[in-house]
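In what follows, a structure is listed as structure tokens, so that the remarks can point back to it.
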Amino acid sequence: MIDDVVPAEMIPELFAILDEEPVNRYESDIFAFEATAPEPTTAELRALRDNFASTLAPALSRITGTPVTRVDMRAYAYRPGHYLLPHSDHQDGLQRMIAYAYYLPSPEPPVGGELELFRCRVEGGAIVATDSARLIEPRANRLVVFGVSDISLHQVCEVLGGLRISLAGWFHP
Amino acid sequence: MTRLEDLFTARTAVIVPDAIGSGAAADLRERFERTGYTRYALVDRGSYDELRDPSEPETYAALIALASEATGRTLELAEARVLRLVPGDYLLAHHDHVHDELHVELILDLSPAIVSGADVHYRRHGDVTFQVPSRPCALSIVARASSVTCNHTYVSRLHTDACVVRLALLLRDR
């Protein structure tokens with residue numbers, strides 16, 4: 001977890017890039033939120049994504065021992081009643097090695113919307129118990145990264161008020 | 001071309017409003033409460049209270065009669081359980097049982113009040129094919145193929161007093 005990760009004078013540029021990107025509502029049995037498409041539609045967001053990867057991937061590779069190079073990136077808006085229920089992010093074949101979330105300043109800071117990480121007890125290859133391990137507040141200009149595995153359970157707690165804005169995705173080899 | 005799988009999934013999915021009186025629903029809730037629920041919380045699958053195989057033969061007989069009439073099949077009870085969901089609870093589709101046989105599933109809504117957004121969704125290949133909204137005293141009757149999964153949607157914490165109680169019966173051909 002790194003706070004104040006982007007110089008304050010650059011944050012308006014981030015919003016300017018995101019303003020051009022279409023946002024849709026997404027809903028399934030495990031989530032309800034608004035987000036940009038999985039692949040950015042504007043050259044500016046693609047450039048931001050690629051710069052993010054080239055800036056952070058070398059350091060993350062060194063720190064975690066997991067070699068990563070490229071990244072995907074979507075912008076998310078969680079309004080009251082939006083959530084992302086516990087899941088691991090791991091999917092065979094997708095090579096999601098490190099997950100990240102970067103929280104943008106919000107005109108209405110969110111109530112709720114914490115990132116909750118779970119501790120799993122595994123027996124015989126199956127998860128048999130889960131406990132809350134850590135609750136991370138979506139504080140503006142905070143970057144959170146964590147390794148992805150089939151037991152990296154986490155959730156975005158329901159937003160009860162305000163607006164939670166983030167960029168999130170995964171680093172890949 | 002119609003595939004064999006499509007033929008077998010085009011089956012009964014109906015909602016019977018007022019299948020039980022509100023007084024009878026309250027009595028059932030109270031008996032289930034007295035018997036006691038067990039908390040289920042493997043968070044990547046579900047979060048809810050459960051009561052397995054409560055003994056309610058008269059209720060079951062009445063519901064099975066309704067289901068037999070709706071489906072034109074002669075049915076018997078295979079499994080019964082009560083689910084109770086409070087704010088923050090859910091039951092995900094991949095936690096749902098996968099049935100090899102063509103079962104009929106009944107869900108009787110015993111909740112004391114409507115809880116907005118607290119639905120039961122039947123899905124096929126991820127898409128919702130039948131939606132059962134929160135409606136106290138209503139009964140859903142769904143003939144299920146093995147490719148259909150069921151999830152109980154997240155109960156928002158914005159509904160601080162919400163309590164969803166569902167009697168779920170799985171029926172098979174007799």
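The values are calculated or read from the model by the stated rules, or taken from the named source; none is laboratory data. All figures in this text were calculated on a predicted structure; none of them were measured in a lab. Here Cβ is always computed from backbone atoms with ideal geometry, including for glycine, and neighbour counts include all displayed protein chains.
Looking only at the stretch B:82-92, how many residues end up being crowded, with 22+ Cβ neighbours inside 10 Å and either of a type in the set (Asp, Glu) or under 21 Å from residue B:138 (Cβ atoms) (or both)?
Within the stretch B:82-92, the first condition is being crowded, with 22+ Cβ neighbours inside 10 Å, and the residues that meet it are B:82-83, B:85, B:89-92.
With the extra rule that they be either of a type in the set (Asp, Glu) or under 21 Å from residue B:138 (Cβ atoms) (or both), the set shrinks to B:82-83, B:85, B:89-91.
Going through the stretch B:82-92 one residue at a time, the tally reaches 6.
Quick one: is residue A:143 touching a residue at least 40 places away in the same chain (Cβ under 8 Å), surrounded by 14 or more Cβ atoms within 10 Å (Cβ to Cβ) and either more than 14 Å from chain B (Cβ to nearest Cβ) or closer than 19 Å to residue A:79 by Cα (or both)?
Answer is yes for this residue.
I need the full set of residues from the stretch A:98-118 which are more than 20 Å from residue A:64 (Cβ to Cβ) and within 14 Å of chain B (Cβ to nearest Cβ), in order please. Even if it seems obvious, please write down each step before you answer.
We begin by selecting, within the stretch A:98-118, every residue more than 20 Å from residue A:64 (Cβ to Cβ); these are A:103-114, A:116.
Correct list: A:110, A:111, A:112, A:113, A:114, A:116.
Which ones in the stretch A:121-149 are in contact with a Leu (Cβ under 8 Å, 6 or more places away or on another chain) and basic (Lys, Arg)?
Once the filter is applied, which keeps residues that are in contact with a Leu (Cβ under 8 Å, 6 or more places away or on another chain) and basic (Lys, Arg), the stretch A:121-149 yields only A:134.
I'd like the residue in the stretch B:129-174 that is surrounded by fewer than 19 Cβ atoms within 10 Å (Cβ to Cβ), at pLDDT below 95 and in a loop (DSSP other than H, G, I, E, B) and, out of all such residues, is nearest to the other protein chains (Cβ to nearest Cβ).
Out of the qualifying residues, it is B:147.
Against the conditions (1) at pLDDT 95 or above; (2) more than 14 Å from chain B (Cβ to nearest Cβ); (3) outside any helix (DSSP H, G or I), where does residue A:81 fall short? Just the number, please.
(2)
Hey, residue A:126 hits all of (1) within 14 Å of chain B (Cβ to nearest Cβ); (2) modelled with pLDDT under 95; (3) within 28 Å of residue A:45 (Cβ to Cβ) but one; which does it fall short on?
Answer for residue A:126: the failing condition is (3).
Do you know which residues across the stretch B:137-165 are of a type in the set (Ser, Thr, Tyr) and touching a strand residue (DSSP E or B) at 6+ places or on another chain (Cβ under 9 Å)?
Within the stretch B:137-165, B:140, B:147, B:149, B:153, B:154, B:156 meet the criteria.
Could you grab the pairs with beta carbons closer than 9 Å, sequence gap of 6+ or different chains, first residue in the stretch A:86-97 and more than 14 Å from every other protein chain (Cβ to nearest Cβ), second one outside any loop (DSSP other than H, G, I, E, B) and among the aromatic types (Phe, Trp, Tyr)?
A:94/A:170; A:95/A:170; A:96/A:170; A:96/A:171; A:97/A:170; A:97/A:171
Name the residues in the stretch B:114-128 that are surrounded by fewer than 20 Cβ atoms within 10 Å (Cβ to Cβ), not in a strand (DSSP E or B) and not β-branched (Val, Ile, Thr), would you?
B:116, B:117, B:119, B:125, B:126
How many residues, within the stretch B:93-113, are exposed (fewer than 15 other Cβ atoms within 10 Å of the Cβ) and either touching a Pro at 6+ places or on another chain (Cβ under 6 Å) or more than 14 Å from chain A (Cβ to nearest Cβ) (or both)?
5
Every residue, every condition in (1) under 18 Å from the mean Cα position of the chain (by Cα); (2) buried (at least 18 other Cβ atoms within 10 Å of the Cβ), yes or no:
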position	(1), (2)
A:95	yes, no
A:98	yes, yes
A:107	no, no
A:110	yes, yes
A:119	no, no
A:132	no, no
A:135	yes, no
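Being in contact with a strand residue (DSSP E or B) (Cβ under 8 Å, 6 or more places away or on another chain) and of a type outside the set (A, V, I, L, M) is the filter here, so list the residues in the stretch B:121-136 that pass it.
Hits for the stretch B:121-136 are B:121, B:122, B:123, B:124, B:129, B:130, B:131, B:134, B:135, B:136.
Considering only the stretch B:31-65, state which residues are within 14 Å of another protein chain (Cβ to nearest Cβ) and hydrophobic (A, V, I, L, M, F, W, C).
B:41, B:42, B:43
Going through the stretch A:15-71 one residue at a time, which ones are part of a helix (DSSP H, G or I), surrounded by fewer than 17 Cβ atoms within 10 Å (Cβ to Cβ) and among the basic types (Lys, Arg)?
A:46, A:62
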